[in-house]
Amino acid sequence: MRAPASDLPIVLAAVGVRAGTQDILRDVSLVFQPGAPTAILGPNGAGKSTLIRVAAGLLQPSLGSVTWGGLSAKSLQRRAIVFQRPVMLRRSVAGNLAFALAAAGCPRAHCAAAVERLLARVSLGALHDRPARRLSGGEQQRLALARALAREPEILFLDEPTNNLDPAATKAVEAIIRDADASGIKVVMATHDLGQARRLCGDVVFLANGAVVETAGAADFFSRPRTEKAAAFLRGDIVE
Ligand SMILES: Nc1ncnc2c1ncn2[C@@H]1O[C@H](COP(=O)(O)OP(=O)(O)O)[C@@H](O)[C@H]1O
Ligand SMILES: [Mg+2]
């Protein structure tokens with residue numbers, strides 16, 4: 001049988017993650033399908049980052065299974081992940097991107113043009129030669145997104161991509177996420193910015209205390225949460 005040419009759907013079946021005696025994720029069963037971005041919502045410590053790492057294949061669950069496009073093997077790996085605090089190489093903006101492109105297997109002859117194309121895509125063309133570590137937080141996050149896009153991912157995982165960014169920088173990052181979505185990339189993003197989830201996402205996974213409390217279409221989740229925990233979270237109450 002020919003292997004399917006897709007990492008989607010991602011299926012988590014009864015996934016558990018333990019660290020010592022603590023259950024970080026408990027009995028998580030979820031499917032990530034092609035389509036509009038999925039928001040992973042929940043209070044601090046709920047397990048959002050851990051869920052992203054498991055779904056991206058970076059962390060092996062202690063219990064249960066994960067498959068990508070029906071396979072547990074990591075052969076395809078059209079996945080990219082942008083962490084909360086991206087780490088930049090001590091190189092120029094263009095140098096960081098060239099490194100990412102080379103790592104993604106971009107042929108040398110195409111690399112310079114690909115750098116320019118990606119920088120334009122995240123509106124950093126003017127900062128081509130700037131040392132990446134001198135960029136503002138928002139610019140670094142845009143460069144991190146460009147590095148992720150250099151992998152030509154089918155799925156883009158984002159962990160709190162606009163944490164600590166001001167509104168203008170947040171808007172610029174959201175524009176890149178919208179553009180990625182419009183180009184057919186499946187976005188899965190942890191955020192605790194409810195407005196952002198509303199603006200960008202088609203469906204929601206609401207986590208609390210390591211467990212999935214609710215999954216729903218975004219419109220339903222925000223207007224008619226089914227659980228008291230989700231309702232409390234949406235009101236801004238403290239949820240554990
Ligand atoms: N490697 C680890 N070892 C021990 N505890 C961890 C580890 N990673 C995460 N945790 C704990 O698991 C819980 C969930 O963490 P995390 O997935 O980062 O949540 P979130 O991203 O929703 O804030 C937290 O209580 C955190 O302290
Ligand atoms: Mg987190």
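Based on Cα contacts under 8 Å between residues 6+ apart, region 10-235 shows a relative contact order of 28 percent.
A simple charge model with +1 on the Cβ of Lys and Arg, -1 on the Cβ of Asp and Glu and nothing else charged puts the dipole of the chain at about 720 debye relative to its Cα centre. What does the C-alpha gyration tensor say about the overall shape of region 54-153? Classify as rounded when a/c is under 1.5, otherwise prolate if a/b is larger than b/c, or oblate. It is prolate, given that a/c is not under 1.5 and a/b is the larger ratio. Under a Gaussian network description of the chain, with springs only between Cα atoms under 10 Å, the residue in E228, E116, E139 that fluctuates furthest is E228.
Under 19 Å of direct C-alpha separation, and excluding same-chain neighbours fewer than eight residues apart, K186 reaches these aspartates and glutamates: D7, E152, E154, D159, E160, E174, D203. Under the shape rule built on the C-alpha gyration tensor, where the axes satisfy a ≥ b ≥ c, region 39-111 is oblate, since a/c reaches at least 1.5 while a/b does not exceed b/c. Of all aspartates and glutamates in the structure, those lying under 13 Å Cα to Cα from K171, and not within fewer than 8 positions of it along the same chain, are E139, D179, D193. A simple packing score, the average count of other Cβ atoms within 10 Å per residue, orders the peptides 176-189, 100-113 as 176-189, 100-113, with the highest score first. Placing unit charges on the Cβ atoms of the charged side chains and taking the dipole of the chain about its Cα centre, the candidate lying farthest along the positive direction among A232, A46, S6 is S6.
Taken together, the values in this text are just the output of simple stated rules run on the coordinates, not laboratory data. Computed from a prediction, not measured in an experiment: that's the story for all the values here. Glycine gets a Cβ as well: all are built from the backbone with ideal geometry, and neighbour counts include every protein chain shown.
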